[in-house]
Amino acid sequence: MSLTLHFHPLSSFCWKALIGLYENDVAFTPNLVNLGDPAERATFLKLWPIGKFPVLVDAARGETMPESSIIIEYIDRHYPGRTRLIPENPDIALQARLSDRLFDLYVHLPMQEIVGDRLRPQDSKDPFGVAAARARIRSSYAMIEQQMARGPYATGEVFTLADCAAFPALFYADRVEPLGPEHRNIAAYVERLKARSSIARVLREAEPYFGMFPKEA
Ligand SMILES: N[C@@H](CCC(=O)N[C@@H](CS)C(=O)NCC(=O)O)C(=O)O
C-alpha cells in the first residue's frame, strides 16, 4: 500500500481528507499523530514544517501532499473511484472549489478560532476575536441556508470536494455556534451527509475521542 495518511481522528480538517479517501475506498495506511508528544511532533515537522495535519504521503509516486483540499484533488486525479470529487464539468468544478474555499475560510477557520480560544490560558483569551468569529459563522450560515434550499449537495446534484469540506466545518461549527430554527436547510443537509457511509465511518472512528473536544470555560 503506497499511501499513508498522517492524521488525528478528531481533527476536523483530517475528516475532510478521510471523507475523500473513504468515498472512493482508497487504500491507505493511517498514521495517528499525537502532536502533544514532543517526539511525534518533531517527526511530523520534518515531514511538513507547517505542522498541521492531514498530510498524505504517496511512496509510489514520491509525493508528500499537505492541505486537505489538495489531498482531495490529488486522490481524485491519481486514485479515482466511483465519486468524482472534482467534477469533470469545468464550471461545476469551479463551483466545487469556490464552495470548498467558502466552507474552509468562513466556517471552518472561525470555528477553529473559537475552539482555540477555549484552550488558551485565562489571561490570554481573545473575546474580540471570538465575537468576530461567531459573527462570521452566522453570516456564512445565512448564505449556506439559501444555497441549500437547492441541494441536495453543496454544488447541486452530485457529492464533491465541497461536501467533504462542508461536513466537518458545519458539524463542529454547530457545536460552538449552534444552528437555529432558521437553519432548517443546513440541518437537513448535515443529516443527508451523515447518512453517507464515508461520513458515518469518520464519525464512528472519531467517537472514542470526542471527550477530548474542549468545552466552553
Ligand atoms: N489548511 C489546512 C488546515 C489544517 C489544520 O488546521 N489542521 C489542524 C487540525 S484540524 C492542525 O493540524 N492543528 C494542529 C496545530 O495547529 O498545531 C488544511 O486544509 O489541511
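Tabulated data
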| read-out | value |
| --- | --- |
| Segment 129-174: number of residues that are part of a loop (DSSP other than H, G, I, E, B), closer than 14 Å to Asn185 by Cα and of a type in the set (D, E, K, R) | 1 |
| Counted residues, segment 31-55 - those being touching a strand residue (DSSP E or B) at 6+ places or on another chain (Cβ under 8 Å) and within 10 Å of the ligand (Cβ to nearest atom) | 8 |
| Tabulated pairs, segment 41-61, first outside the structural domain of Trp15 (by TED's automatic domain parsing) and surrounded by 14 or more Cβ atoms within 10 Å (Cβ to Cβ), second modelled with pLDDT under 95 and not hydrophobic (A, V, I, L, M, F, W, C), C-beta under 9 angstrom, 6+ apart or interchain | none |
| Residue among Ala217, Ala188 that is at pLDDT below 95, more than 24 Å from Pro54 (Cα to Cα) and either aliphatic (A, V, I, L, M) or crowded, with 19+ Cβ neighbours inside 10 Å (or both) | Ala217 |
| Residues that are of a type in the set (D, E, K, R), surrounded by 19 or more Cβ atoms within 10 Å (Cβ to Cβ) and farther than 19 Å from Gln147 by Cβ, drawn from segment 74-100 | Asp76, Arg84 |
| Of residues in segment 66-91 being in contact (Cβ under 8 Å) with a residue 40 or more places away in the chain and basic (Lys, Arg), the one farthest from Ala27 (Cα to Cα) | Arg84 |
| Selection within segment 4-30 - more than 12 Å from the ligand (Cβ to nearest atom) and either buried (at least 23 other Cβ atoms within 10 Å of the Cβ) or within 17 Å of the chain's Cα centre (by Cα) (or both) | Ile19, Leu21, Tyr22, Glu23, Asn24, Pro30 |
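The values are calculated or read from the model by the stated rules, or taken from the named source; none is laboratory data. In this text, all values refer to a predicted model and were calculated from it rather than measured experimentally. When we count neighbours, we look across all protein chains shown, and the Cβ atoms used for this are built from the backbone with ideal geometry, even at glycine.
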